[in-house]
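Chemist: Quick one: the structure is below, and I'll ask about it shortly.
Read-outs: derived from the displayed coordinates by stated rules, not from any lab. Since we're looking at a predicted model, the values are computed, not measured. Quick reminder, even Gly has a Cβ in these numbers, built from the backbone with ideal geometry, and neighbours come from all protein chains shown.
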Amino acid sequence: MSFRYCSVLFCGLAGILSLSTFPNSAWAQSKQRNCPEPALERFVRHQVAPEESLKAIAQSYNVTPETIIRMNPAIRNGKVTVGKEIIIPPYDGIVVKVGRGQTLKQIAAQHSIRADALFEVNGCQENPEVVFVPQLKKSQNSTQAASTEPNVLETISNSNKLNGYPLAENTAVAFPYGWQINPDNGEVFFHSGIDLSAQPGTSVQAIGEGIVVLAQEQGSYGNLVIINHSNGMQSRYAHLEDIKISAGEEVNKGDLIGTVGSTGTPTLKKPHLHFEIRSSSSLGWVAKDPWEYLK
Ligand SMILES: [Zn+2]
């Protein structure tokens, strides 16, 4: 279990970060919400082989030497010691301790990444003590990169767009995607999909051609259908009343997959379809704003 590596990391960095524990429930919590495994739990240890250079190790893990140096204060002058173990994160980035009263939103802003990306990278934890902040590789045209909002989600996704609609008719957005305030309890939370107003029993259709990878009850999602589309895209349809297809089936755009319901724990009491778009990445299935894909 890679969690062990994390504990080792924190012991190693205890002097710098003044922390010793990592919430054990974090990954359980994130699994429940279908979030990627937190980046901090995906660190691996690498034992330096004879004649292996820092650069070669960095290349083999697809991270920069700077990332490895930052994670391993024992590395001096860019030289690794044969036989010693070093810690390697799943991708470039830095470990940041969350200050008292500091929010993920603030940390995301400080590091110029999207708050929802930071949230997902860290397994959708509500109040992490430490987070891993991914850093994008410097692009050649950095002037362009600087002028637009740096965006992990966009960078790791691809451009092939789905453009269907999960209901027969366009309806109102009952609750949008992203950081929202829960209307029931006032808490700020991340809404990984979009809620489309629809009466119970309304037909739900596939927004594009693909393969059904899940069609069953799934915790807070209730009755859930997940369809994988080409080019690493995925759509999810939650809180369904009935499911009309099975895992493994191929579907075309517009095919009936289920009906609107209120199974699981919907955020809104008002009847709706919770619809998500996700893209495959090294971070797992990362939520995208479905609005960009709806026609
Ligand atoms: Zn929802």
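Chemist: Going down the list 161/269; 244/270; 105/253; 84/105; 105/288, which pairs span over 27 Å between their C-alpha atoms?
Modeler: Numbers: 161/269 31 Å; 244/270 23 Å; 105/253 36 Å; 84/105 37 Å; 105/288 17 Å.
As for pairs spanning more than 27 Å Cα to Cα, those are 161/269; 105/253; 84/105.
Chemist: Ok, one more. Would you mind checking which residues have amide H under 5 Å from residue 288's amide H? H placed 1.01 Å from N; only 5 or more apart, or other chain.
Modeler: Answer set, sorted by chain and number: 277, 278, 279.
Chemist: Short version: ³J(HN,Hα) in whole Hz for each residue of the range 36-48, in order, from phi by Karplus 6.51 cos²θ - 1.76 cosθ + 1.60 (θ = phi - 60°), x for Gly and Pro, what are they?
Modeler: Rounded to whole hertz, the list is x, 4, x, 3, 5, 9, 10, 5, 10, 9, 10, 8, 5.
Chemist: Whole angstrom only: what separates the Cα centroid of the range 40-98 from the Cα centroid of the range 232-295?
Modeler: That distance is 38 Å.
Chemist: Between residue 109 and residue 81, what is the label-point separation in nm under the 7 Å Cα-to-beta-carbon projection?
Modeler: Between residue 81 and residue 109, the simple spin-label model gives 4.3 nm.
Chemist: Which of rounded, prolate or oblate describes the range 173-293 when judged by the alpha-carbon gyration tensor and an a/c cut-off of 1.5? Can you show the working numbers first?
Modeler: Values: a/c = 1.84, a/b = 1.24, b/c = 1.48.
It comes out oblate by the Cα gyration axes.
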